[in-house]
Amino acid sequence: MRRPLLFPLCLSLALGCAPEPASPDAPVEGAPAEAASTAPLLAPLPKLRVSSNSRFLVREDGTGFFYLADTAWELFHRLNRTEVQTYLQNRADRGYTAVQAVAVAELDGVNTPNAHGDRPFLNGNPATPATTAGADPADATQYDYWDHVDYVVGEAEARGIYVAMLPTWGSHVVGGTINTSNAEAYGRFLGSRYASRSIIWVLGGDRPANGYEAVWRAMARGIAIGVSGTEDYSQVLMTYHPPGGAKSSTWFHSDAWLDFNMQQNGHCTNTDVWNRIAADYALTPTKPTLDAEPLYEQHPICFNAGANGYSNDYEIRKFAYWDVFAGAFGHTYGHHSVWQMYAPGRSPVNGPQNYWYEAINQPGAAQMRHLRRLIESRPFLVRIPDQGVLASAAGSGTSRVQATRGSDGSYAFVYSAAGQPFTVNMDRIAGGTVRASWYDPRVATSQVIGTYPNTGTRQFVPPSSGAGNDWVLVLDDASRNFPLPGDVLQPGSLYRAINLNGSATVIDGQSWEGSNAPNYTYTGTAFANQAVTLNPATDANRSAMIRSSIWSTSAAVRLQSVPSGTYTVYLYTWEDNDAETFSISLEGSVVQANYNSGSAGTWRRLGPWTVNVTDGTLDLTTSGGAANLSGIEVHRANSQPSGFVRGINFNGGAVTIEGNAWLSYSAALSSGLTVNAPNLTTTTVTPNPATDAATNAMLNTAIWKQAADLQVGQPVSNGSYQVYLWVMENYQSNARSFRVRLEGVEVASGVGNLALGAWRKYGPYTTSVSDGFLNLDLVATTGDTHLMGMAVFR
């Protein structure tokens, strides 16, 4: 260790989620012919339990778990092994953490065989499950119904997805197939079979418990005994799925086996879920609660499509944000075609509009991960519902405004369902300064709108309003240095960035190639209109890139000679005229369905999307309406830091850069930063490219050493980090060049050799710290070494 550790730096980011063979089966006709390869078999997922404050679920080690489930009631019953892979991989790619599925399904799950021709019970008797010796899927005499359930559970867990397993649909209890004489035995069978798995047990199944309480209690007792050998409910995680408009708390809230409550708020629009969640939240004993069946996407609204039409992604988003902000510990999404796994040859239930393998790519399904990303970007184990954040009326229906915040005052989220203005009590946020941002729940983009004192009240007006224009206001204690809302992962190592119909440029300090870049081709019409006013406004280089684009109803971008591997892709798109709706695919798979481009001037940086390249070519295509594509960024995956740790403005004041609050030089020194007696300078050079005022100010303050090495030390916890450096030439063109070393290892050379006014954001440079101190050396090659800013990510 070259420099002493002066203080321990907390790097947890205070996030609740931190230290939280090919099948021979043929798919259903019309379904994708290929599925993802079988996931590797892994150890069971960590067991889950209720948090110490009885409001959330956490893993065994106490780290937070955000329950984001998909509804797949017929998964075990209707999908074969190949289709199981297709479905689960899709849900894993979209960030789901659980799937709700029924062991003995609703649609005649007792008598109608599963996709492999097997039934769950001998002679329809739950006390005698139909099991056979062996589990070879190529041998029908071995591979039984429960072997297939085992397979689904294993495939889900291998993808990081927990199975919320309903032992039966409620109709089989109401109908008498499962009763007090066999419920415990059936529960013991299930508990014993899956004792080593991390199952979330969900009793019920869309039926009231009235008159059948003894059956469900017997089943719960049997599962517990099957898992541990005794009636020890601490060894299982269990709840109850009720019918529409009902709650598990009605029958079982005080039962020892019920760990958390489920509600089903049904399939109409604008239900007052905030009141229903609040009612369970207020019960004693305290237990977590969530909406386990809200309105499904593309469902007949109130079961009457003729009068009310079908639901869309907007209706789905409203319930998700209302529920979670009202106090739910997670949320369940559903699609009307997916729950029933509707496919050719199957009788439709209540008019599904498409087949399950098409429906899994609907926009609402992809947008649910944006809620998870937002919640996990802040310390969610201290999150509480708090309408006291609002100084204006909360409203109801589509006009409802719902608020939640950290009980420690570190942040608040306010959801405006239709973009209506609202007023906030600023003192609900701790610290003297509050950073405000808008978060777009459709595409997970964020834009910082300013910093304000945490006193008095302030009105906020969302960027757009009306049906479908929902927004989340994020208020942060600026001193907490949180990343941008939803930005749990920072950009990784840049592979390529291309201005699709423009010249080479620099954006965010990174060099972009122009339209003449090698190994790049496109399909579409080149188009530019630099006169359009962009919304939101942005810097000059980015504006020029956005307003020069290619357009087509079937646009295509191809990058060739791409090394095999995993990449993260972002796409800039904009609208110059009237709104268009189109879908975006990467490598043939839809990554953004039915994106609406908005009014003239609207632009978005869409993504991130993860893609695997195996053939040397990365293909991005659009379909549907006319799409304007401006720029593409491709980052190498698996090199992304998980959160902002610290930014330092060398010789400058506290400043916000890229949405992150940086320390002033004096505050950093007081907090343990060490520098080897540098010279200090302040300049008035105009940065090229032009940038925002905060970055401009940061680039014009610097530390430097005359023809010598500059040594910087930052106390940190041991672990892996990624470091970015900001450098601008402030004296004369090509006045210097130096090498960069981190922890004694050279990571870059030729740094700082720039024209007067030119600036770069260098990095990310990856390093590992084992002695509690991050050491940075700028080693002079020619001229003086200097440094304007540094940001460290974990």
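The values are calculated or read from the model by the stated rules, or taken from the named source; none is laboratory data. Everything numeric in this text was worked out from a predicted model, so none of it was measured. Heads up, the Cβs are rebuilt from the backbone with ideal geometry, glycines too, and the neighbour counts pull from every protein chain shown.
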Worksheet item: Within the bounds of the stretch 386-401, is there any residue that is in a strand (DSSP E or B) and either modelled with pLDDT under 95 or farther than 24 Å from Thr71 by Cβ (or both)?
Response: yes
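Let's see how each residue does on (1) in contact with an Asp or Glu (Cβ under 6 Å, 6 or more places away or on another chain); (2) not in a strand (DSSP E or B):
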| position | (1), (2) |
| --- | --- |
| Gln711 | yes, no |
| Gln714 | no, no |
| Ser749 | no, no |
| Leu754 | yes, yes |
| Arg760 | no, no |
| Pro764 | no, no |
| Asn775 | yes, no |
| His786 | no, no |
Worksheet, complete the sentence: For Gly652, the lone unmet condition from (1) crowded, with 20+ Cβ neighbours inside 10 Å; (2) within 30 Å of Arg373 (Cα to Cα) is (2)
Worksheet item: Would it be correct to say that Gln100 is out of contact with any Lys or Arg (no Cβ under 8 Å at 6 or more places or on another chain), among the polar types (S, T, N, Q), at pLDDT 95 or above and surrounded by fewer than 17 Cβ atoms within 10 Å (Cβ to Cβ)?
Response: no
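Do you know which residues across the stretch 256-265 are touching a strand residue (DSSP E or B) at 6+ places or on another chain (Cβ under 9 Å) and either in a loop (DSSP other than H, G, I, E, B) or of a type in the set (A, V, I, L, M, F, W, C) (or both)?
Looking only at the stretch 256-265, we keep the residues that are touching a strand residue (DSSP E or B) at 6+ places or on another chain (Cβ under 9 Å), and these are 257-265.
Within the stretch 256-265, Trp257, Leu258, Asp259, Phe260, Met262, Asn265 qualify.
Within the stretch 650-672, does at least one residue satisfy the condition of being assigned to a strand (DSSP E or B), more than 22 Å from Thr766 (Cα to Cα) and touching a Ser or Thr at 6+ places or on another chain (Cβ under 6 Å)?
No - not one qualifying residue is present in the stretch 650-672.
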Practice prompt. Please specify each residue of the stretch 306-316 satisfying the condition of being surrounded by fewer than 16 Cβ atoms within 10 Å (Cβ to Cβ) and farther than 15 Å from Thr271 by Cβ.
Written response: Gly306, Ala307, Gly309
Practice prompt. Kindly check whether there is at least one residue in the stretch 524-547 that is more than 20 Å from Tyr595 (Cβ to Cβ), among the aromatic types (Phe, Trp, Tyr) and either touching a strand residue (DSSP E or B) at 6+ places or on another chain (Cβ under 9 Å) or surrounded by 19 or more Cβ atoms within 10 Å (Cβ to Cβ) (or both).
Written response: no
Practice prompt. Would you point out which residue out of Gln340, Gln362 is modelled with pLDDT under 95 and polar (S, T, N, Q)?
Written response: Gln362
Discussion item. Looking at Arg372 and the list (1) among the basic types (Lys, Arg); (2) outside any loop (DSSP other than H, G, I, E, B); (3) surrounded by fewer than 18 Cβ atoms within 10 Å (Cβ to Cβ), which single condition is not satisfied?
Written reply: (3)
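So is Val163 over 17 Å from Asp255 (Cβ atoms) and crowded, with 20+ Cβ neighbours inside 10 Å or not? Steps first, answer last, please.
Values: over 17 Å from Asp255 (Cβ atoms): yes; crowded, with 20+ Cβ neighbours inside 10 Å: yes.
Taking the combined requirement at face value, the residue satisfies it.
Residues are listed down the side, and each one gets a yes or a no for (1) surrounded by fewer than 19 Cβ atoms within 10 Å (Cβ to Cβ); (2) of a type in the set (A, V, I, L, M, F, W, C); (3) at pLDDT 95 or above:
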{"residue": "Gly117", "(1), (2), (3)": "yes, no, yes"}
{"residue": "Ala130", "(1), (2), (3)": "yes, yes, yes"}
{"residue": "Asp144", "(1), (2), (3)": "no, no, yes"}
{"residue": "Val173", "(1), (2), (3)": "no, yes, yes"}
Worksheet entry | Lone unmet requirement of (1) under 25 Å from Tyr495 (Cα atoms); (2) within 36 Å of the chain's Cα centre (by Cα); (3) part of a strand (DSSP E or B) for Thr691 | (3)
